[in-house]
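The values are calculated or read from the model by the stated rules, or taken from the named source; none is laboratory data. Keep in mind that what you see is a predicted model, and the values were worked out from it rather than measured. Please note: Cβ atoms are built from the backbone with ideal geometry, for glycine as well, and neighbour counts cover all protein chains shown. Ligands, DNA and RNA are excluded from the accessible area calculation, which covers all protein heavy atoms including side chains. Shrake-Rupley method; radii C 1.70, N 1.55, O 1.52, S 1.80 Å.
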Amino acid sequence: MDQLLAFTVVGLSTAAIYALIGSGLVLTHTTAGVFNFAHGAAGMLAAFAYWQLAVGWGWPVPLALAAVLLVLAPAFGLFVERIMMRPVQTLGEAERLVMTVALLSGCIAFARLVWDPNTPRPLSPFFAGHPALHLGAAVITWHQAATMFVALLIAAALWLLLHRTRTGTEMRACIDDRFLAGLTGAQPLRAARTAWILGIQLAAVGGILIASTVALDAQQLSLLIVSAYTAAVFGRLRSLPLTFLGAIVVGLTEAFLTGYLPRNDYLPGLRLAAPALLLLTALLAFPHRRLRGRDRTLVRVPRPSTRGSLALAGGIVVLALIFTSVLDENAIISYGTVFSLGVIALSYVPLAGYAGQVSLCQLSVAGLGAVLWGHLGAHGQLWALPVTVLVSAAIGALIALPALRLSGIYLALGTAAFAVVLDRWIFTLPAFHLFGLRISLFDQDSVTITGPNLFGLHLTSPTALLLFAAICLALATLGIAALRRTGFGRRLIAMRDSEAAYATLGGRLLAAKAAVFALSAGIAGLGGALYGMQLQTVTAEQFNLVAGLPLFLIAVIGGLGSVGTGLFAGIAFVVPAQLLEGFGSWGQDTSALLVALTGLALAQNPSGVLARMRTDWAPLAADRPARLLLGAVLAVCWLCAGLGLADGWIVLAVSLTAAVLLRSWSARRQQQDPHLDVPLEWRGIKRPWRLDDGEVLRRATAAS
């Protein structure tokens, strides 16, 4: 009984922190219409800022708290609302979600840049010098008592704000119907601004209170938000009292699992994964209100032509051949993962681009693919590769079963929880037996992976594995492009536009979701196997949730509806990181921060940069002499590199310069040569609109 009381006290103090953070989530979601995935990262930054002021610079604790909670946190909330969230209000839920994911990734990278993760930063609890309180046999520290008192005080303050002030009335009106509230004289923008400031302040309070009980680590503190996600889902992202109740459930569950979970090799990860498991349970068990979609702006999904798809696939293979010709073996090892990671990124296109299903667990599924190939294809058996794809596809179909109840942010939360469960528990399990079969994943260690046996050749060299991965990416790209032109691809896009309309017209939601999840997971599993072959040794940390966020962001930046996203994401993910690798961890964090900052610019181009690049490079694609000249330049550069007459990097620089110059030349020729012009009805679409086109249009309409 004494032990039960002690763990109850610990659970309630932790629950108070989750309640504070979860309340901020509910405020921002209900008032501003945005679920902030970076909410925990805001608390993490507040904790680091408080440490810097109070410990690093020796400020008095009250002054440091006031600076963080009354200056820095409100300023950060205003920045997020005004600069980031307001421009994307007219976009869909998925696009707003991506903005917060970009903010999460950027905050983690920024914190690692400013505060060296290898330097310990202990933070003392509040009132550490005071004697503890005693409740029977249970001991309550003053920090725990202060945490619970602050939670109760803030709960009472929130109730007074929402029910006894004009600002609170506006916020509650926006919760019920933002558009109607604006018609009655309320100011939704002011309510949203207030909600963001309060939400970030609550996250800051929670981050500072919990920082003294865990390591001051950017990634760990940011992922503690999973428990607050669970509390907010208990409140259905709407009710603050139910959010507090959910926080109590989560806090007590974690405390009791710590005290009463049996000690063996299989269950330690269960305690770490318990919040994610509770989140999945809450998502599936509780009914959810329909997400706001009234102001949703759909992004067009281009229909790739057969000729363009073949050209892209050929370009992927040619790029791989150039890599093998101009790069030495060490550079091939460093840059060769462009194509395997491109396959993983390509898995987002049918799932998120065509079907509109946001998944944050694709890299985790790729990790399963790497493990499956590592064990089944330990000696390079080629049959193990299609088996790996099929098993990964089956796992994807299982993920799709609960996805039928979820959409938008709920689906993103569910897939993120699945990734956390894999990372914290499943991937850490030692080998075990199930129905007489020995199941082994990472087995609490790394997995050694070899290349496949193909036509009697064992592909083990970096060059051979790079070419094999490039061919797989080219074939997968052709397959996804062909899928877009089929009836099933059109049905997926119809489901993305409106699931209700799709089902009303006879579409089978469960079958469509299961099929697209299986297809996407199969592609991700293939990419994971190829990635493992090139790395030769993989660990579970390489496939966790945070590691997959930059790849997801790059895929979104490229354009989830474009089949070229795989190649684009592979290049954008690998090349900058390798170029900055010489700067150590600083370079890696800088690369991640650049990706996050680029993702924050999504509002300026929701279709992705590939759509813009396709328009910019269209003149070169339509100009046959320029294409032939570019091909000749590339052939000469390739020959010089093969004969050792020029350095590989010089050859790449010359090739890129020639391509850019020829594109500009083709654009000028198209503007000046009437034979290269396009029909009147396509002007402004296939080429930019010119001033003389207006006169041509007037003459054509007058003649008709």
**Prompt:** What does the accessible area per residue of the chain come to in Å², with a 1.4 Å probe and no ligands, DNA or RNA counted?
**Reply:** 44 Å²
**Request:** Run the numbers on the chain and let me know its relative contact order in percent, using alpha-carbon pairs under 8 Å that are six or more apart.
**Result:** 19 percent
**Item:** Potential lengthening between Asn330 and Leu272 on full extension [0.36 nm per residue; Cα-Cα distance subtracted]
**Value:** 17.0 nm
**Asked** With charges only on Cβ, +1 for K and R and -1 for D and E, what is the dipole size of the chain about its Cα centre, in debye, rounded to 20?
**Response** 2340 debye
**Request:** Return the long-range amide H neighbours of Trp59 (sequence gap of 5 or more, or a different chain), with a cut-off of under 5 Å between placed amide H atoms.
**Result:** Ala54
**Asked** Do any chymotrypsin sites (Phe, Trp or Tyr not before Pro) in segment 350-414 lie in a loop, going by DSSP, with at most 16 other beta-carbon atoms within 10 Å of their beta carbon, and if so which?
**Response** Trp383
**Item:** Among 243-250, 194-201, the order from most to least packed when residues are scored by Cβ within 10 Å on average
**Value:** 194-201, 243-250
**Item:** In sequence order, calculated HN-Hα J values of segment 327-338 (Karplus, 6.51, -1.76, 1.60; Hz; x Gly/Pro)
**Value:** 9, 7, 5, 5, 5, 5, 4, 6, 9, x, 6, 3
**Ellipsoid equivalent to segment 485-584 - semi-axes via the Cα gyration tensor, in Å** = 33, 16, 12
**Asked** What distance in nm separates the simple spin-label points at Thr167 and Leu505, each placed 7 Å from Cα in the Cβ direction?
**Response** 4.7 nm
**Asked** Stretch His458-Leu321 to full length: gain in nm at 0.36 nm per residue minus the Cα-Cα span?
**Response** 47.4 nm
**Fill in**
A correct Karplus calculation of ³J(HN,Hα) over segment 206-222, with 6.51 cos²θ - 1.76 cosθ + 1.60, θ = phi - 60°, whole Hz and x for Gly and Pro, returns x, x, 5, 5, 8, 5, 7, 9, 10, 5, 7, 10, 4, 5, 5, 5, 5
**Fill in**
Once Arg690 and Gln3 are pulled to full extension, the length gained, defined as 0.36 nm per residue separation minus their Cα-Cα distance, is 239.4 nm
**Prompt:** segment 363-412 to segment 103-135: how many Å between their Cα centroids?
**Reply:** 36 Å
**Asked** To the nearest 500 deg cm²/dmol, what mean residue ellipticity at 222 nm is calculated for the chain from DSSP H runs of n ≥ 4 alone, each contributing -39,500 (n - 2.57), summed and divided by the residues?
**Response** -22000 deg cm²/dmol
**Asked** So what J values fall out for segment 57-67 if you push phi through Karplus, 6.51 cos²θ - 1.76 cosθ + 1.60 with θ = phi - 60°, rounded to Hz, Gly and Pro as x?
**Response** 10, x, 5, x, 4, x, 5, 5, 4, 5, 5
**Fill in**
Once both label points are put 7 Å beyond Cα along the C-beta direction, the Phe149-Thr119 separation in nm becomes 3.4 nm
**Message:** Computing the accessible area with a 1.4 Å probe over protein heavy atoms, can you report the carbon and sulfur percentage for the chain?
**Reply:** 66 percent
